[in-house]
Amino acid sequence: MSTFTLENSIVRKIWGDADVILLLFAGAAAEYSLHRSVDWLAFTGSILKDPIGRIFATVAFAQDIAFSSVQKSNAKLAQINAIHKAVERKRGMSMPDWAHRDVLYLVLDYSERAFTLVHRPLTAEEQEGIYQYTRRIGEGLGMRGLPASYPEWRRHRNTIISENLVYSDYTRELMKSFRRDLGPWRFQLLLQAQGLITPEPVRNLLGLNPLPGLNQALQLYRFLVASGLRGIIQKTLIPPDHLSAVQSLDLSRAA
């Protein structure tokens, strides 16, 4: 049975690495908290009640798609479509096409940003590979008219990065929810990670000011991981209730 992604693909390197995934979702949470469609995510109330749990549920979907057979991955996409439709019926309106598009775009963008920060820049071939994979996801979710190639997508992403972002009451409430569940010092760590990975429009709207030397701290983290201290670091930084969930994210360590 054929798999949805190749065994050594950049997609699996990204979605099988806990460090990359955590940084990816730190950035994605920052940008999506500003997005004009965040009211859809807040509609059921689950994201404000348990933002970290909602992220891990989303990661589980993403990993299932990336590491499963074509048949199972397509079934998972159909399940996501059904969930979206159920929310639309409950709300009595359809989610805007641009909202679907922007979320797809930001996940792709932060995938590349996170992998680059944790490991290395993607090659042109890897950039095209992760984009074509993302395009398949988008088409599986019913999106049409997506750019044909990574360079076209990158130009479009750079053009629209600010057009649907605004600081709102939802932004404020979502950030309060993260602070409540992470505690003060872990929340500050989240803000620093967001300041490191997000583009300028997001940093400006959220007032993110990464500390000087943060890139050097990331280099130190890489050294400590290479020295076999990753488990100790995770136990220190990750809330105990979520430690096992983080550790289970490592399906295939990136090189």
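The values are calculated or read from the model by the stated rules, or taken from the named source; none is laboratory data. Note that the structure is a prediction, hence the values are computed from the model and not measured. FYI the Cβ positions are ideal-geometry reconstructions off the backbone, even for glycines, and counts take in every protein chain you see. Ligands, DNA and RNA are stripped out before the accessible areas are found, and what is left, the full protein with its side chains, is counted by its heavy atoms. Shrake-Rupley method; radii C 1.70, N 1.55, O 1.52, S 1.80 Å.
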Quiz item: For the range 8-53, what are the residues that are in a helix (DSSP H, G or I), open to solvent by less than 10 Å² (accessible area, probe 1.4 Å) and in contact with an Asp or Glu (Cβ under 7 Å, 6 or more places away or on another chain)?
Solution: Ala18, Pro51
Exercise. Hand me the list of helices (runs of 4 or more DSSP H) wholly inside the range 146-255 holding 1 or more residues that are modelled with pLDDT of 95 or more.
Key: 150-160, 169-182, 184-197, 200-206
Quiz item: Do we have Thr5 as touching a helix residue (DSSP H, G or I) at 6+ places or on another chain (Cβ under 9 Å), among the polar types (S, T, N, Q) and either assigned to a helix (DSSP H, G or I) or open to solvent by 20 Å² or more (accessible area, probe 1.4 Å) (or both) here?
Solution: no
Quiz item: In the range 154-172, is there at least one residue being in contact with a Gly (Cβ under 6 Å, 6 or more places away or on another chain) and within 22 Å of Leu34 (Cα to Cα)?
Solution: no
Quiz item: Just wondering, is there one or more residues in the range 181-204 that are open to solvent by 50 Å² or more (accessible area, probe 1.4 Å), on the phi > 0 side of the Ramachandran plot and out of contact with any Cys (no Cβ under 8 Å at 6 or more places or on another chain)?
Solution: no
Quiz item: Quick check: anything in the range 85-107 in a helix (DSSP H, G or I) and among the polar types (S, T, N, Q)?
Solution: no
Quiz item: Would you call Arg222 under 22 Å from the mean Cα position of the chain (by Cα) and touching a residue at least 60 places away in the same chain (Cβ under 8 Å)?
Solution: yes
Self-check item: Hits in the range 124-136 (condition: surrounded by 20 or more Cβ atoms within 10 Å (Cβ to Cβ) and of a type outside the set (S, T, N, Q))
Solution: Ile130, Tyr131, Tyr133
Quiz item: Take the residues of the range 92-123 that are open to solvent by 70 Å² or more (accessible area, probe 1.4 Å) and touching a residue at least 12 places away in the same chain (Cβ under 8 Å): which is nearest to the chain's Cα centre (by Cα)?
Solution: Arg113
Exercise. Quickly run through the range 148-163 and pick out the residues that are buried (at least 16 other Cβ atoms within 10 Å of the Cβ) and of a type outside the set (D, E, K, R).
Key: Tyr150, Trp153, Ile161
